[in-house]
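Enquirer: Okay, here's the structure, questions in a sec.
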Amino acid sequence: MALQLRRLPKLTSLCHKALLGDSSVERIVVEYCGQIKKIFTACLCQQHLRNLKEVRVIGCKKLQEIIATGHSSGCLENSIIELPSLRTLEMDDLPSLSSFFPGKLLPCCSIEHITIRDCPNLRGLPLFGHEAPLAAPCLQGIKADKELWKSLEWDNPKLKQLLQPFTKLNDANIPSFKIHKGSVYCSIQFLKKKNMETHKVELFPCI
């Protein structure tokens, strides 16, 4: 199942486990949600996103973290999280983003494609752990802004060197995506892979 959230101006986080089901969400897309500051918590990640394969976050101006730490029932604040199925990560036009996850994330050995554009305040990319050799046997490519890549902080500088052959750098001044004016409604979409049906709920017009 895929969860798509677009143009929801009052959305601040994806914190309702009822939306995620029982570890069945494989794709999450969040676009142009102007008030969202975090996508989900570490606890939700541990309990409901074991099968998550793709994360795309675009144009969320106030977003600070993709995964946020936090204490709740059954989930410790300093717990270690894992995304064992994640293959694709795209983060685009997120000027306030400072961290993918500020806590400890186990190496994401399934990751294949990473795209990072227009995220000037991002300070780290913890998907590869802290030790060499590189724990990313499936990695095919990383696309990132040149200046951003230079500014990323690494606990182990050798990891940056090991990632260099997979990395394609581009000028941050080049537009990375187009905004289509026809998208005038806010919506949540749930996509079920079995029969490819789309369940779409139109909420209210965006001005």
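The values are calculated or read from the model by the stated rules, or taken from the named source; none is laboratory data. For clarity, every value in this text was computed on a predicted model and none was experimentally measured. Using ideal geometry, Cβ is built from the backbone for each residue, glycine included, and neighbour counts are taken over all protein chains shown.
Enquirer: For residues that are outside any loop (DSSP other than H, G, I, E, B) and modelled with pLDDT of 90 or more, scanning just the stretch 96-115, find the one that is farthest from Q140 (Cα to Cα). Show your work before the answer.
Expert: Here is the first cut: in the stretch 96-115, the ones outside any loop (DSSP other than H, G, I, E, B) are 99, 105, 113-115.
With modelled with pLDDT of 90 or more added as a condition, the list becomes 99, 113-115.
On the way: S99: 23, H113: 6, I114: 9, T115: 12 Å.
Looking at the filtered set, the residue picked out is S99.
Enquirer: Can you confirm whether K168 is over 14 Å from the mean Cα position of the chain (by Cα), exposed (fewer than 13 other Cβ atoms within 10 Å of the Cβ), at pLDDT 80 or above and in a strand (DSSP E or B)? Spell out how you get there, then give the answer.
Expert: Values: over 14 Å from the mean Cα position of the chain (by Cα): yes; exposed (fewer than 13 other Cβ atoms within 10 Å of the Cβ): yes; at pLDDT 80 or above: yes; in a strand (DSSP E or B): yes.
It is true that K168 is over 14 Å from the mean Cα position of the chain (by Cα), exposed (fewer than 13 other Cβ atoms within 10 Å of the Cβ), at pLDDT 80 or above and in a strand (DSSP E or B).
Enquirer: Now, a different point. In the stretch 1-44, which residues are at pLDDT below 85 and in contact with a Pro (Cβ under 6 Å, 6 or more places away or on another chain)?
Expert: Within the stretch 1-44, none qualify.
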